[in-house]
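The values are calculated or read from the model by the stated rules, or taken from the named source; none is laboratory data. Given the structure is predicted, the values throughout are model-derived calculations rather than measurements. Neighbour counts run over all protein chains shown; Cβ positions are idealised from the backbone, glycine included. When the accessible area is computed, the model is the full protein with side chains, heavy atoms only, and any ligands, DNA or RNA have been set aside. Shrake-Rupley method; radii C 1.70, N 1.55, O 1.52, S 1.80 Å.
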Amino acid sequence: MSEAPVLFETRRCANGALIGIATLNNPAALNALNLAMIRLLDAQLAEWAAAPEVALVVLHGAGDKAFCAGGDVKGLRAALLAEPAPAPHPAAVTFFTEEYRLDYRLHVYPKPLLVWGSGIVMGGGMGLLQGASMRIVTDTSHLAMPEVSIGLYPDVGGSWFLSRLPGRLGRFLALTGASLNVHDALLLGLADRALPNGSLQALLDALGTGHWRAHAAADQAELERLVDRFAADHPVYLPASPIAHHQLALQAALQAGNIQDVVARLIALGESSDDPWLARAAQTLANGSPSTAAVSWTIQQRLATVSLADAFRAELALSVNFCARPDFIEGVRARLVDKDQAPHWQPAMLADVDQDWIDGHFAEHWSTETHPLRDL
């Protein structure tokens, strides 16, 4: 396979239309997004959007382990350490601006866009999946926003799509980094269809028979028709849904009046449960960055009703501010660089995270006219 970080090809359909196929090609790093991949993908998507003969686009990941395990936070950390600077650090501004512009492009793409979210789909991978007009998961899918473990927060549009989940469950996912299986993803509306792992090439063959018309609404309907027909012939086993099983208890815990009470209740739920999934989620919260927990909770309150474009603009400020605080550098070190799994958070306890510290993460660095994402 080519060493290019993203591979592109087109396939001719029976009626002459083309399917654009993009493959994230960094399987050794679980297809984690770096700046080169973001730039290649964004440019090609723009080209395909303008090409009349391209009827739809399919995005997937190379290898059998992951669609995309997130952004290249190790590379970003290295850039921050190489040339220390106050917020907004140029490396952080560049990376997050271009990543969020790509994510936004997917959300507003003028043609049908199918993302094949098989295997690990985390962080930046979720940003790509949630922007698609057809979000496919498989029996191997594991979806999560695990930023609490590295001192970041659920970005890539997470302030927008998590806040729209039922029963405040988006807050649970942000606080705990809990992993969702294929059944969970469908129930929460984070995926549109489920298909068997390994059936992508057969699906592409089926899409090649479509009656594509170079009309967005008609072609989206055709995509849904073809996927539904394919799914009927290729059923997938849906495991039990931990989210459904624990939903009432989680919603009760999430109704507490403040973040301290919510965290205490969620940890207590996990400690008293015989379900490893819930126990693991609670343990991740207990071991995670207190600043991430407090700010993530506040994000879900402050940004719950903003537009998608305003959510990405707010996230850019949040992200560059997180990069200027100690927990991101330390969290990535402990989890992904030294891998000692023993981060030293600052502040170390949720009780020590005061309102000024939280508010500082939301500080803006640009006016409306100068914001890097002003044109979204």
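Take every pair of alpha-carbon atoms less than 8 Å apart whose residues are at least six positions apart; their mean separation over the length of the stretch 34-191 yields a relative contact order of 22 percent.
To the nearest ten degrees, helix 290-302 and the longest principal axis of the Cα atoms of the chain are 60 degrees apart. A straight Cα-to-Cα reach below 26 Å connects K65 with the lysines K74, K339, residues fewer than 8 places away in its own chain not being considered. Between the stretch 316-376 and the stretch 136-207, what is the C-alpha centre distance in whole Å? If we compute the Cα centre of each part, the gap is 23 Å.
Relative to the longest principal axis of the Cα atoms of the chain, helix 276-287 runs at roughly 50 degrees. If you scale each eigenvalue of the Cα gyration tensor by 5 and take the root, what three semi-axes come out for the stretch 1-134, rounded to whole angstrom and sorted largest first? For the stretch 1-134, the semi-axes come out at 28, 16, 12 Å. Contact order, relative form, for the chain: 18 percent (alpha carbon pairs under 8 Å, 6 or more residues apart, mean separation divided by residue count). Over the chain, DSSP H runs of length four or greater, each weighted -39,500 (n - 2.57), average out per residue to a 222 nm ellipticity of -14500 deg cm²/dmol.
Counting only protein heavy atoms and a probe of 1.4 Å, the accessible surface of the chain is 54% carbon and sulfur. Stokes-Einstein diffusion for the chain at 4 °C, viscosity 1.567 mPa s, with a Kirkwood radius from C-alpha pairs, works out to 61 µm²/s. Roughly how tilted is helix 242-254, in degrees to the nearest 10 and between 0 and 90, from the longest Cα axis of the chain? Orientation of helix 242-254: about 40 degrees from the principal axis.
First select every other residue whose beta carbon is under 13 angstrom from the beta carbon of R77; then total the charges, Lys and Arg +1, Asp and Glu -1.
Result for the neighbourhood of R77: -1.
Does the stretch 223-376 come out rounded, prolate or oblate by the C-alpha gyration tensor, with a ≥ b ≥ c the root eigenvalues, rounded set by a/c under 1.5 and, if not, prolate when a/b is larger than b/c and oblate if not? In terms of gyration-tensor shape, oblate.
Estimated translational diffusion coefficient (Stokes-Einstein, Kirkwood radius over Cα pairs, 4 °C, 1.567 mPa s) of the stretch 167-209: 104 µm² per second. Taking all protein chains together and rolling a 1.4 Å probe, H361 ends up with roughly 0 Å² accessible. Can you compute log10 of I(q)/I(0) for the stretch 13-62 with the Debye formula, treating each Cα as one identical point scatterer, at q = 0.16, 0.28, 0.30 Å⁻¹? One equal scatterer on each Cα of the stretch 13-62 leads to -0.51, -1.04, -1.12. Evaluating 6.51 cos²θ - 1.76 cosθ + 1.60 at θ = phi - 60° for every residue in the stretch 304-312, the Karplus couplings come out as 4, 10, 6, 5, 4, 4, 5, 4, 5 Hz, glycine and proline recorded as x. 3J(HN,Hα) along the stretch 50-67, derived from phi through the Karplus expression 6.51 cos²θ - 1.76 cosθ + 1.60 where θ = phi - 60°, amounts to 8, 8, x, 6, 7, 8, 7, 10, 10, 10, 8, x, 6, x, 10, 9, 8, 6 Hz, with x in place of Gly and Pro.
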